[in-house]
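Reviewing the structure listed below.
The values are calculated or read from the model by the stated rules, or taken from the named source; none is laboratory data. Keep in mind that this is a model prediction, so the values were computed, not measured. Note that we place each Cβ from the backbone using ideal geometry, even for glycine, and neighbour counts take in every protein chain shown. Remember, those area values only see protein heavy atoms, side chains included, never the ligands or the DNA or RNA. Shrake-Rupley method; radii C 1.70, N 1.55, O 1.52, S 1.80 Å.
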Protein chains: 2
Amino acid sequence: MQKTPVFLVEEEETQVHTTDSCLAAMKAVQDSLYVLNGKWKLPIIISLTFGNKRFTEIARDIPRITDRMLSKELQELELNMLVERIQDEASPSITRYKLTAYGKTLDPAIQELYKWGINHREKIKEE
Amino acid sequence: MQKTPVFLVEEEETQVHTTDSCLAAMKAVQDSLYVLNGKWKLPIIISLTFGNKRFTEIARDIPRITDRMLSKELQELELNMLVERIQDEASPSITRYKLTAYGKTLDPAIQELYKWGINHREKIKEE
DNA sequence: CGCTGTACTATCATGAATGATAGTGCAATG
DNA sequence: CATTGCACTATCATTCATGATAGTACAGCG
């Protein structure tokens, strides 16, 4: 069995060939976070998992968000095809936002972050 | 079969009682992100999932990170009990960092972010 | 017609996060 | 014993994300 040429010392096992897959993992995760970056993207997405919403409805869902931020983040989410702007057919002056199918693929990740957050809050309380 | 009281359907239904669980979800997710915030926390954690490492080893794993940032982030991760600083018993001048058991509980979330990141990169390539 | 609500955009200010650079004390190494 | 590597810390500069505030165009409503 040939080992790939790593820096080693002591228990070689500790360090064997970390870097490739490690780097790949870091990159992938950073790709995700890049799309979700900023303070408000996930709150917005979460708000929209509860139904299609109008601008002000989202704003009301998310404490302390400003119009400027909501507008900006929605645009970025649209660019990344996570969120879609839709016009009401009946009254076209009404705009709504909805999660795209692609946006919904974030659900498993959000679920995990949700679970961990809940758990973490518990843990903190115990101290 | 009783349904939990959810929103659904146009008009009033769209907004019925979203806010409570929605807010809870947002908060939990934000709790998670609060702990993982910054550019480097997840890369560090990922690096450490590949084995206990010394300061410079982690630094080498993560392109472009500076000593200052690595040091700072490691401290925060320690404070949050995700990472542990350990002294080698044989040669106590050697410091290593390891993921705590608690730190490992982040794994499912990281896995999902990883999967999504991979998938997203594919999607982008297709365009 | 005036008022309120919606869905924004524009401008400016600020603070926090990060980067760049330098320096420290200690250990091991040749 | 000089040099290199390790594991940091300190200081300063800069950028970027966010916040604060104001303003716009359009619509529906009474």
Exercise for the section: Kindly provide the Kirkwood hydrodynamic radius of the protein assembly as shown in Å, to one decimal, from all pairs of distinct alpha carbon atoms. Expected result: 20.3 Å
Practice task
Please give the helix B:107-126 orientation as an angle from the longest Cα principal axis of chain B, in degrees from 0 to 90, rounded to the nearest 10.
Solution key: 70 degrees
Practice task
Go through segment A:62-106 and flag every residue whose accessible area shrinks by 40 Å² or more with all protein chains in place compared to the isolated chain (probe 1.4 Å).
Solution key: A:Tyr102
Practice task
Run the dipole for the protein assembly as shown about the Cα centre, Lys and Arg Cβ at +1, Asp and Glu Cβ at -1, nothing else charged, and hand back the magnitude in debye, nearest 20.
Solution key: 500 debye
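Mind grabbing the interface size between A and B? I mean buried accessible area, both sides, 1.4 Å probe, in Å² to the nearest hundred.
The buried area between A and B, both sides summed, comes to about 4800 Å².
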Exercise for the section: Pairs of Cα atoms under 8 Å, at least six residues apart: use those to get the relative contact order of chain A, whole percent. Expected result: 18 percent
Problem - For the protein assembly as shown: accessible area per residue (Å², 1.4 Å) - result: 60 Å²
Fill in the blank from the handout: With all protein chains present, the protein assembly as shown has a carbon and sulfur share of its accessible area (1.4 Å probe) in percent of 53 percent
Problem - FRET efficiency, 1/(1 + (r/R0)^6) with R0 25 Å, evaluated for A:Met69 and A:Tyr102 via beta carbons - result: 0.65
Problem - Mean Cβ count within 10 Å, highest first, over the residues of peptides B:114-121, A:53-60 - result: B:114-121, A:53-60
Practice task
Quick one: which residues, 5 or more positions from B:Thr100 or on another chain, have an amide H under 5 Å from its amide H? H modelled 1.01 Å from N in the peptide plane, none for Pro or chain starts.
Solution key: B:Val83, B:Glu84
Fill in the blank from the handout: For segment B:50-56, in residue order, the Karplus 3J(HN,Hα) values (coefficients 6.51, -1.76, 1.60; θ = phi - 60°; whole Hz; Gly and Pro = x) are 8, x, 5, 9, 7, 3, 5
Exercise for the section: Using a 10 Å cut-off on Cβ to Cβ distances, tally the other chain neighbours for every residue of A:115-125 and report the average as a whole number. Expected result: 6
Practice task
Rank-order B:87-93, B:39-45 by packing density, defined as the average count of other C-beta atoms within 10 Å over each peptide's residues, highest first.
Solution key: B:39-45, B:87-93
Problem - Whole-number D in µm²/s for segment A:42-127 (Stokes-Einstein; Kirkwood sum over Cα pairs; 10 °C, 1.306 mPa s) - result: 113 µm²/s
Exercise for the section: Using a 10 Å cut-off on Cβ to Cβ distances, tally the other chain neighbours for every residue of B:37-49 and report the average as a whole number. Expected result: 3
Practice task
Grab the DSSP H runs of chain A that are 4 residues or longer, score each as -39,500 (n - 2.57), total them, divide by all residues and round the 222 nm result to the nearest 500 deg cm²/dmol.
Solution key: -17500 deg cm²/dmol
Practice task
Can you tell me how much longer the chain between A:Lys125 and A:Lys39 gets when fully stretched, taken as 0.36 nm per residue apart minus their C-alpha distance, in nm with one decimal?
Solution key: 28.6 nm
Completion exercise
Quick calc, chain A, dipole around Cα centre from Cβ unit charges on Lys, Arg (+) and Asp, Glu (-), nearest 20 debye, gives 740 debye
